[in-house]
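Just so you know, all these numbers are worked out from the coordinates, no wet-lab data involved. Everything quoted here is computed from the prediction, not taken from an experiment. Cβ sites come from the backbone with ideal geometry, for glycine too, and all protein chains shown count toward neighbours.
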Amino acid sequence: MNRLKIAILVLFFSGVNLFAKEFPVCKEYFFINESKTKEKQTFLEKILADEPSNVECMIKLSSVYLRNNRVSEGFDLIRRAYTLDPKFVEKQNISKVLDLALKLSRLKEVALKDSDKELWNELGDTYFEIGIFDEAFYAYEKSLELDANQTKIDILLAICDGNLDRSRKAAVRLEKIVQKWPYDFYANYYYGKVLKNSLDNEKEGQKYLLMADYIITYKEPEFENEAELEFLKNDLEFELEQK
């Protein structure tokens, strides 16, 4: 199950200069302290409320949203700006994520319209794979609202919680899954790791890691490929040796 890989991928925009150096670009406005991000955001939002077709300000505001981890809103603005003036947007630094922004913004729109759990899962998977876990969490949560019987998606929500420094919430979610599905490998594996490594409950964590080891050895759960199986075996061996 590729979506459940343990390695945290580097954020897609890491190291890429998407953000213009001056605020705002809107030609008739000239103030804004460069160090005050909230001031920029409030100012640009006000301009855009007054001038809803101001493409320059859309691009500026989208860069502020991306910096503040409001990625979905930033992508929606990029798409909106591109619809109004594609040539202008293509010349901006933000165009480096244009294809991704258009794809995810459109996917979110269709998922909302059609109430399709698979579309929400696709949206969540894409955000998860590029390390934007708050947006992934939102998409997976929407999917579970449509179909609560998706254990893999529930586990992915717990992994998102863990990556967002919400280890206790992750543990509560995983505990419920393990109680319902005691032989689910991933639920036991991640629950054991959260307890042992994040909540300093080594004894209880080892119990679930041992259960995961039993499942992988005797129950033959399905994995995405041999590489994932090998990684999980090695990681379990490492975790169980660390006492």
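Listing for the model above:
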read-out: Among the listed pairs K60/K108; K108/K152; K180/K203; K38/K113; K60/K103; K176/K203, those beyond 25 Å (Cα-Cα); value: K38/K113
read-out: Order of R79, R168 - criterion: other Cβ atoms within 10 Å of each residue's Cβ, fewest first; value: R168, R79
read-out: For segment 168-179, 3J(HN,Hα) per residue [Karplus equation, 6.51 cos²θ - 1.76 cosθ + 1.60, θ = phi - 60°, Hz, x = Gly/Pro]; value: 5, 5, 4, 5, 4, 5, 5, 4, 5, 5, 5, 5
read-out: Ranked D85, D154, criterion: other C-beta atoms within 10 Å, fewest first; value: D85, D154
read-out: Part-to-part distance (alpha-carbon centres) for segment 62-117 and segment 173-243, which is given in Å; value: 37
read-out: Under the Karplus curve 6.51 cos²θ - 1.76 cosθ + 1.60, θ = phi - 60°, whole-Hz ³J(HN,Hα) for segment 193-207, x wherever Gly or Pro sits; value: 5, 5, 4, 6, 9, 10, 10, 6, 10, 5, 4, 5, x, 4, 4
read-out: Distant-in-sequence amide H partners of N201 (H built 1.01 Å from N, under 5 Å); value: K196
read-out: Neighbour-count ranking [beta-carbon atoms within 10 angstrom, fewest first] of S72, S62; value: S72, S62
read-out: Extension gain (nm, one decimal) between E51 and E109, 0.36 nm per residue minus Cα-Cα; value: 18.6 nm
